[in-house]
Protein chains: 4
Amino acid sequence: MVIIMEHDATKPQIDDIINKLQDLGFNIHQSTGIDHTLLGVIGDVSKIDPRDMQVLPGVADAYRISAPYKLVSREFQHKNTIIDIKGVKIGGDEVAVMAGPCSIESKEQMMTIAEIVSNAGAKFLRGGAFKPRTSPYAFQGLGEQGLKIIREAADKFNMLVITEVMDKEQISLVSEHTDIIQIGARNIQNFTLIRALGSIDKPIFLKRGISSTIEEWLMSAEYILSGGNRNVMLCERGIRTFETYTRNTMDLSAIPIVHKLSHLPIIADPSHGTGLRDKVIPMARAAVAAGADGLMIEVHHDPEHAMSDGAQSLLPDQFVDLMKQIREIAKVIGRTIADARV
Amino acid sequence: MVIIMEHDATKPQIDDIINKLQDLGFNIHQSTGIDHTLLGVIGDVSKIDPRDMQVLPGVADAYRISAPYKLVSREFQHKNTIIDIKGVKIGGDEVAVMAGPCSIESKEQMMTIAEIVSNAGAKFLRGGAFKPRTSPYAFQGLGEQGLKIIREAADKFNMLVITEVMDKEQISLVSEHTDIIQIGARNIQNFTLIRALGSIDKPIFLKRGISSTIEEWLMSAEYILSGGNRNVMLCERGIRTFETYTRNTMDLSAIPIVHKLSHLPIIADPSHGTGLRDKVIPMARAAVAAGADGLMIEVHHDPEHAMSDGAQSLLPDQFVDLMKQIREIAKVIGRTIADARV
Amino acid sequence: MVIIMEHDATKPQIDDIINKLQDLGFNIHQSTGIDHTLLGVIGDVSKIDPRDMQVLPGVADAYRISAPYKLVSREFQHKNTIIDIKGVKIGGDEVAVMAGPCSIESKEQMMTIAEIVSNAGAKFLRGGAFKPRTSPYAFQGLGEQGLKIIREAADKFNMLVITEVMDKEQISLVSEHTDIIQIGARNIQNFTLIRALGSIDKPIFLKRGISSTIEEWLMSAEYILSGGNRNVMLCERGIRTFETYTRNTMDLSAIPIVHKLSHLPIIADPSHGTGLRDKVIPMARAAVAAGADGLMIEVHHDPEHAMSDGAQSLLPDQFVDLMKQIREIAKVIGRTIADARV
Amino acid sequence: MVIIMEHDATKPQIDDIINKLQDLGFNIHQSTGIDHTLLGVIGDVSKIDPRDMQVLPGVADAYRISAPYKLVSREFQHKNTIIDIKGVKIGGDEVAVMAGPCSIESKEQMMTIAEIVSNAGAKFLRGGAFKPRTSPYAFQGLGEQGLKIIREAADKFNMLVITEVMDKEQISLVSEHTDIIQIGARNIQNFTLIRALGSIDKPIFLKRGISSTIEEWLMSAEYILSGGNRNVMLCERGIRTFETYTRNTMDLSAIPIVHKLSHLPIIADPSHGTGLRDKVIPMARAAVAAGADGLMIEVHHDPEHAMSDGAQSLLPDQFVDLMKQIREIAKVIGRTIADARV
């Protein structure tokens, strides 16, 4: 931690702070500059709130110089985390493609869509059985029945399942049916939930909150890793800004930033990131070009009748075309995307 | 709902939309203007996502014209909701003052602070037993022991208790000890939790999320009211903006806006709203001047040793002075604040 | 400046930075901690961009520890700046009230409004002769004719004039007619304009840009002071956030923050800060309670026919009532507002 | 324009509004729904401020249904604008690459960098002679001498010049030396300047303001087109959000959005968009993948000694590698980038 004293801080003020911190077991390095005295606090400062220093008499400012996260950091683990799920890897050379409808609506719907997306090269089938909805009056998902449907559809087309958990009680039920547990943007700081994810044995897909800083997002991942579950992937899905044309503003620069700060894989979700079908395609290409380790894309064969988010779902042909384009883009930066089956 | 057709939308495109909506049971009013054709959709459109219209061929834009909330709206209930808790009212002429430390740390601490704040005129004692913390390594609260302490301190000084619930499982335990259940900013869209609050018989204090629009905040309140619990008060506690000098930017204009849109009381929390002690006092005065129905203020007799948020806690003398000032300001707009006891 | 080295920065990397900075004439204090080595750079670092350090090998982070502004800072001048204009003071005990229409429309309009607002106690008459408009097709103001009208109206009712300058060429013309030059939010970083204001002899009213940080705003004021003009007052008028209910989000916490960082007076403009008439009144009261040195309020006797911003203009009776309320609130914090004349 | 009446608006309130608007020459279509009456206002409503309707008694909301811009819209001109400068086209199949240092520092510097970037395939040489700087104490550019240097360097390597104009007075001087006039983000609503650009005969490169909505940005372009200059290209360079890791958040979704709303070309500037060298490369690739019509990239052969923005300037080898990558990505979407010369 660095503490900057005010221009006219007195010697007793400075000494008072030094004494306080020494009593707490820290070593202090003092630098006296032209304008300001600077105190470097040496030791494990993770339990001191910089604001508690900021309000002391004579202090101009105070901040931590180390990131508050540890296990998720690139400093802690230099090598990329590669998550292996039944032999399919996330975080390696191959860009993982996760596709499917927003909501699981029926067996027929899931079978139709699973066939389309797996033929085009997607290895993960997405779809929500429990839906977090802004309105209490909106469709809330099929629940357990939906979980069985997505599992059956994925198995038939040799895909892996990713689906969302909304609270701690749902974890064990959903875990029976899914390969990856998705945590939605609204639950990024539901600490009861994310703490519980630390002690289970399933990979976690952790969406960035619409107003999470990258640091807060990594801190939420730290909750999971600190509980013992190291298989966490992050997902950029758009942040809230002043611009209202799109539902959210997709922050693609988060991809290279996360790659620098952390060893965890990062996936991009242009469907939620833009909210509008015709913006999904260019942003999906851009995410791959920016180095994303995966894409999550909503696809629906009949989006006009989708029960949620039809407007941001790609049509089957659009998805097939997109897969061809991103396969070429991935090559340019030395990565691969699975071939189409047909 | 209003649907705006593109300048060059064709008649078949327009007819197609009209037919679709008529099939769903809506009446359509068509206005043909110089530049655009406009379709007014008459009926309960709450289940149509405007984006599903926006992506149809020929459509330039589409939006709902009614607010998505009902029970919380001023249209639904013209008269202010006044919440009566053991004879103390929130939402009437008296501005409710809730004060206490961020965290419950010990019996001695709570007794000391309860005496200070109740003598100054506060009728509600705040303090957290379960603490949502960004870092998994930070102090997480005393739990049940803390609940017993705050109850005892409040009872001794004839105060009411307000304390936070972090998840659905905690509701019944916390309800045994508290008079008001506080929901933190990070849980505003924890739908499992807020849905559960609809069926209990305790007043709810619902903090605005750091990136909640006023509409989303009211929708979360709607979850609670739609479950049958009408005793909800809202709390403005700062939103996330580009400005970094303060922890959050307190949006005081939310006070008159909520009063216009809704019948629910609105409280201001300048402690979290600014994050810095010397900004709490002017912003608390400002909140009362803007018409807030209450204030939540963090107070600590020894903030340098507080276990959390010491930097934003007022010192006892500061709180006493503030109470005198806001009592005078309340009078200017025809409201009252309880007298000091001593 | 503080430079934080990476956990695994090598000795040659550290030495390389030290050598570079020593060659530039700086003294370096090195602190070696458990996790990180810290370099304190002593000297005038205002010409080093911290990002130039951030990209050097082995550097984790780098930032300035002094504010980039000097002349505007409270450190440079402890005492409040009080601006004296023909005997009327801004920045002292009296809260200055500036009122009038958005645009100067006609002599009759200005005479009517000047009489109303001066009778209620306002000492400054506002009104735009040159209007910055988002649309090239909107009303652009009466120009020089407008300047003559506002001067005549102010003189008749013994008021002072404040009006806007949009570019450097207008300065000399507008200066002939006004007592205070207003710089709009969109020109806060029009460096050609603000540099030119440094060498004139008129007080400047500098609106915060809709996305200016407080630091950037103070830096723009620094441009003016560094040119020799010390009579600058700042004006908070709302910032752009994700919330769309109001035109802008008024950041009242900027009032106590500016008072801490700077000796310059700060005025609040709730008319632009909210954009809606019924929000102007509570926010004006709140601004005075928060300690604003003045208010700028749009008032129109016939807002339905105003040529701009009618929706945010108070009606005459509303303004009279507001003046009464804020006079009482000012007293609570030891300040005054001029009495009504009638 | 659509006006939504409140649930309980009275017939006289509705009639009053209809009469007012009819008197102004508009036709009104009235739709009476279950919850709300809706008034469609037919005619040229560009001069009515929707807020003036919002404050009328009985009105719940009011908004325009047509975009406020005309000449820049895709509705006005279906075909892409292709700007032809001495035979080099912007807005066609070829992605234009503009490269060079932030500031023009010396003849030697410009010759060195021009050779590097032209050999790699860039056709436009960028560099600032007049620099808008946040601090009055920072380097302000070489002025006219700088303009001569960049012209000479561009001519020698058969490149075109793009450089910035900061105010109206500089237009004629800069026009003598440049092929494209750049308008910086801080001047996007300097209406005196952008109005003046409408009557000159040089292509304009209009950067988005850090807090401009896409609509405001297009309105600023409308100022230029409405003055008669149709050769405007837009430039996305990052917007201000809550995230502080990068200087700005680059909004790549603006690329497909602008392509939908307008016929004007859109360029991406990842150097300012991210502010950090190692983020420039992935974001440049992403911009091309998203469909940008061009890139503006800062390059410096000795960024440690650059007079401004060294931290975001690519090294020569990085630029050469980037050009190879984006040439491949452009092909995937049917576009081209000029070959390297060597």
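The values are calculated or read from the model by the stated rules, or taken from the named source; none is laboratory data. Not measured: the values here are computed from a predicted model. Virtual Cβ from ideal backbone geometry, glycine too; neighbours counted across all protein chains shown.
Only one residue in A:Gly25, A:Gly40 is among the small types (Gly, Ala, Ser) and over 22 Å from C:Tyr63 (Cα atoms), so which one is that? Please lay out each step first, then the result.
On the way: A:Gly40 fails: over 22 Å from C:Tyr63 (Cα atoms).
Only one candidate qualifies: A:Gly25.
Exactly one residue out of C:Val165, C:Val174 is touching a helix residue (DSSP H, G or I) at 6+ places or on another chain (Cβ under 6 Å), under 22 Å from C:Leu197 (Cα atoms) and modelled with pLDDT of 95 or more: that is C:Val165. Within region B:28-47, the set of residues being in contact with a strand residue (DSSP E or B) (Cβ under 9 Å, 6 or more places away or on another chain) and under 20 Å from D:His7 (Cα atoms) comprises B:Ile28, B:His29, B:Leu39, B:Gly40, B:Val41, B:Ile42, B:Gly43.
Out of the residues in region D:150-175 meeting the condition of being free of Cβ contacts under 8 Å to residues at least 12 places away in the same chain and charged (D, E, K, R), tell me which one is farthest from D:Glu115 (Cα to Cα). Before the answer, list the steps.
Start the filter on region D:150-175 by keeping residues that are free of Cβ contacts under 8 Å to residues at least 12 places away in the same chain, which leaves D:155, D:169, D:172.
Filter once more, keeping what is charged (D, E, K, R): D:155, D:169.
Values: D:Asp155: 11, D:Glu169: 32 Å.
Across region D:150-175, the extreme among qualifying residues is D:Glu169.
On the stretch given as region C:2-25, residues that are closer than 30 Å to A:Gln77 by Cβ, acidic (Asp, Glu) and either surrounded by 12 or more Cβ atoms within 10 Å (Cβ to Cβ) or more than 10 Å from chain A (Cβ to nearest Cβ) (or both) total 3. A count restricted to region B:292-303 and to residues that are within 15 Å of A:Leu56 (Cα to Cα) and either in contact with an Asp or Glu (Cβ under 7 Å, 6 or more places away or on another chain) or not assigned by TED's automatic domain parsing to the domain that holds B:Lys131 (or both) stands at 0. For region D:59-115, filtered to residues that are aromatic (Phe, Trp, Tyr) and more than 30 Å from D:Ile14 (Cβ to Cβ), the residue that is farthest from the chain's Cα centre (by Cα) is D:Phe76.
Those residues that are closer than 30 Å to B:Lys86 by Cα and more than 10 Å from chain A (Cβ to nearest Cβ), I need them from region B:222-250; list them, please. Explain how you work it out, then say what you get.
Quick first cut of region B:222-250, residues closer than 30 Å to B:Lys86 by Cα only: B:222-238.
The answer is B:Gly228, B:Asn229, B:Arg230, B:Asn231, B:Val232, B:Met233, B:Leu234, B:Cys235, B:Glu236, B:Arg237, B:Gly238.
So, A:Arg237, is that one of a type in the set (Lys, Arg), touching a residue at least 12 places away in the same chain (Cβ under 8 Å) and over 24 Å from D:Thr241 (Cβ atoms) or not? No; evaluated as a whole, the condition is false for this residue.
Region C:1-73 holds strands (runs of 3 or more DSSP E) entirely within its bounds, and those carrying 3 or more residues that are without any contact (Cβ under 8 Å) to a residue 24 or more places away in the chain and not assigned by TED's automatic domain parsing to the domain that holds C:Leu264 map to C:27-32. Within region D:205-226, residues that are touching a residue at least 60 places away in the same chain (Cβ under 8 Å) have Cβ atoms under 6 Å from residues that are in a helix (DSSP H, G or I) in these pairs: D:Lys207/D:Ala185, counting only partners at least 6 apart in sequence or on another chain.
For region B:84-104, indicate whether the set of residues that are over 20 Å from B:Ile337 (Cβ atoms), outside the structural domain of B:Leu142 (by TED's automatic domain parsing) and not in a loop (DSSP other than H, G, I, E, B) is non-empty. Talk me through it step by step, then tell me what you get.
Going residue by residue through region B:84-104, those that are over 20 Å from B:Ile337 (Cβ atoms) are B:101-104.
Add one more test, that the residue is outside the structural domain of B:Leu142 (by TED's automatic domain parsing), and what stays is none.
Among the residues of region B:84-104, not one is over 20 Å from B:Ile337 (Cβ atoms), outside the structural domain of B:Leu142 (by TED's automatic domain parsing) and not in a loop (DSSP other than H, G, I, E, B), which makes the answer no.
So which residues in region C:43-58 are in contact with a Gly (Cβ under 7 Å, 6 or more places away or on another chain) and modelled with pLDDT under 80? The one that is in contact with a Gly (Cβ under 7 Å, 6 or more places away or on another chain) and modelled with pLDDT under 80: C:Gly43.
Determine whether region C:146-163 contains at least one residue that is in a helix (DSSP H, G or I) and more than 30 Å from D:Lys47 (Cβ to Cβ).
Yes, region C:146-163 contains at least one residue that is in a helix (DSSP H, G or I) and more than 30 Å from D:Lys47 (Cβ to Cβ).
In the set D:Ala289, D:Ala284, D:Ala311, only one residue is farther than 21 Å from D:Ile90 by Cα, part of a helix (DSSP H, G or I) and assigned by TED's automatic domain parsing to the domain that holds D:Gly100; that residue is D:Ala311.
Can you confirm whether region C:301-316 contains a residue that is modelled with pLDDT under 90 and exposed (fewer than 15 other Cβ atoms within 10 Å of the Cβ)? Among the residues of region C:301-316, at least one is modelled with pLDDT under 90 and exposed (fewer than 15 other Cβ atoms within 10 Å of the Cβ), which makes the answer yes. Residue-level check: of (1) at pLDDT below 95; (2) facing chain A (nearest Cβ under 9 Å); (3) closer than 29 Å to B:Ser212 by Cα, D:Asp278 misses just (3).
Restricting region A:325-342 to residues that are among the basic types (Lys, Arg) and surrounded by 15 or more Cβ atoms within 10 Å (Cβ to Cβ), the residue that is nearest to the chain's Cα centre (by Cα) is A:Arg335.
Quick check on A:Pro132: is it closer than 30 Å to A:Val320 by Cα, in contact with a Gly (Cβ under 6 Å, 6 or more places away or on another chain) and within 8 Å of another protein chain (Cβ to nearest Cβ)?
Numbers: closer than 30 Å to A:Val320 by Cα: yes; in contact with a Gly (Cβ under 6 Å, 6 or more places away or on another chain): yes; within 8 Å of another protein chain (Cβ to nearest Cβ): yes.
It is true that A:Pro132 is closer than 30 Å to A:Val320 by Cα, in contact with a Gly (Cβ under 6 Å, 6 or more places away or on another chain) and within 8 Å of another protein chain (Cβ to nearest Cβ).
Apart from one condition, B:Leu39 fits all of (1) buried (at least 19 other Cβ atoms within 10 Å of the Cβ); (2) more than 30 Å from D:Val41 (Cα to Cα); the exception is (2). Could you count how many residues in region C:33-62 are of a type in the set (Ser, Thr, Tyr), away from chain D (no Cβ under 14 Å) and farther than 20 Å from A:Glu75 by Cα? Of the residues in region C:33-62, 0 are of a type in the set (Ser, Thr, Tyr), away from chain D (no Cβ under 14 Å) and farther than 20 Å from A:Glu75 by Cα.
Would a scan of region B:289-298 turn up a residue that is surrounded by fewer than 24 Cβ atoms within 10 Å (Cβ to Cβ) and facing another protein chain (nearest Cβ under 7 Å)? Yes - at least one qualifying residue is present in region B:289-298.
Mind checking which residues of region A:199-211 are more than 22 Å from D:Glu243 (Cα to Cα) and touching a strand residue (DSSP E or B) at 6+ places or on another chain (Cβ under 9 Å)? Quick ask: steps written out before the conclusion?
If we filter region A:199-211 for residues that are more than 22 Å from D:Glu243 (Cα to Cα), which is where we start, we get A:199-204.
Correct list: A:Ile200, A:Lys202, A:Pro203, A:Ile204.
For region B:135-170, residues that are more than 14 Å from chain A (Cβ to nearest Cβ), among the charged types (D, E, K, R) and surrounded by fewer than 18 Cβ atoms within 10 Å (Cβ to Cβ) total 5.
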